[in-house]
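Worksheet for the structure shown next.
The values are calculated or read from the model by the stated rules, or taken from the named source; none is laboratory data. Everything numeric here is computed off the predicted structure, so don't read it as measured data. Here Cβ is always computed from backbone atoms with ideal geometry, including for glycine, and neighbour counts include all displayed protein chains.
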Amino acid sequence: MEERDWLILQILYEQKNITKTAQALFMSQPALTARLQHLEKEFGVQIVQRTSKGVNFTPQGEYLAKASAEVLQRFRRIREEVTDLGASVAGTLRLGASSYFTMYTLPGLLRLFRKRYPAVEFKVATTWSKDVFNLVYNQDVHIGFISADYGWQNEKHLLFEEPVYVASTEKIGLADLPRLPRIDYQTDALIRAMIDRWWRENFSQPPAISMEVDKLATCWEMVKSGLGYAIVPGRIVEDAGGIHKILLADRAGNPLVRKAWMIYHEESLALNVIRAFTEFVKQTDFSGKR
């Protein structure tokens, strides 16, 4: 059974659809069907049952599909360890990063690292910090960059802290916020909870949300166009011209801050490329980095 066969089982189990699986693997549907039939013949069991809505896995097929993640991870580790047998820093780094970190920090970091180690390639998954946490935990990526601390218990390194501001094109006061249009954006649950907690400590009425957009970058464009205010991290507004900003603080006067972390498993440092990258990140000055 080839590595690609395990990948077929994994993706088909996720999609439950022959057409979508074939498209994901850049295969024709007849080729995918033929491969499944070969696997059923090899194991002597029926793996899937076709229905009008897609495919259902038999108990034997479900067992094989669930085993595929473990088998594929083993294949990946073997390739990494073979590449790592030499003394050079080479191979593929699998990274997970929050969307915010990916947009404003990660490109420059990877550019500098590749300049020092040109034989290194990157595979990057961008998602919410909570999902990055799970990717690292399950060892689907080597290293994660998160914008909220979800209680990682293995190796982690604080990259930077940044204050949180109210930003707008017009000069406004905190007392004015409940009656002014606010532009909201999707963010990690812990960051949203911090902002909501600050609001409840200062106001007895809900914010007047005029827009809800998907990304922080979209929100920022709306703010710059004068369509309302937003509560945003400091790295966005620090060099922005024509923007009025108010630093947010709790009742004790402590500034609200967002923290960015690098998380990884200690045992992964056995690989040259991961050890080199984590050391590089720790030596990087993130003040003002974009």
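For the range 39-66, taking the residues that are assigned to a helix (DSSP H, G or I) and touching a residue at least 24 places away in the same chain (Cβ under 8 Å), the one that is nearest to L135 (Cα to Cα) is identified as K66.
Of the residues that make up the range 60-67, is at least one closer than 18 Å to Q139 by Cβ, at pLDDT 85 or above and not assigned by TED's automatic domain parsing to the domain that holds S268? There is at least one residue in the range 60-67 that is closer than 18 Å to Q139 by Cβ, at pLDDT 85 or above and not assigned by TED's automatic domain parsing to the domain that holds S268.
Does K123 satisfy the criteria of being under 15 Å from E279 (Cα atoms) and in a strand (DSSP E or B)?
no
Of all residue pairs spaced 6 or more apart or on separate chains, those with beta-carbon atoms under 6 Å, a first member in the range 120-144 that is among the polar types (S, T, N, Q) and a second member that is assigned to a helix (DSSP H, G or I) and surrounded by fewer than 22 Cβ atoms within 10 Å (Cβ to Cβ) are T126/S99; T126/T102. Screening A22 on (1) assigned to a helix (DSSP H, G or I); (2) loosely packed, with under 12 Cβ neighbours inside 10 Å; (3) free of Cβ contacts under 8 Å to residues at least 24 places away in the same chain shows it passes everything except condition (2). Among the residues of the range 266-280, the ones that are at pLDDT 90 or above, surrounded by fewer than 17 Cβ atoms within 10 Å (Cβ to Cβ) and either out of contact with any helix residue (DSSP H, G or I) (no Cβ under 7 Å at 6 or more places or on another chain) or within 23 Å of P107 (Cβ to Cβ) (or both) come to 5 in all.
Can you list the helices (runs of 4 or more DSSP H) found entirely within the range 216-290 that contain at least 3 residues being under 19 Å from I172 (Cα atoms) and free of Cβ contacts under 8 Å to residues at least 60 places away in the same chain?
Values: elements: 216-224, 234-237, 272-282.
Result: 216-224.
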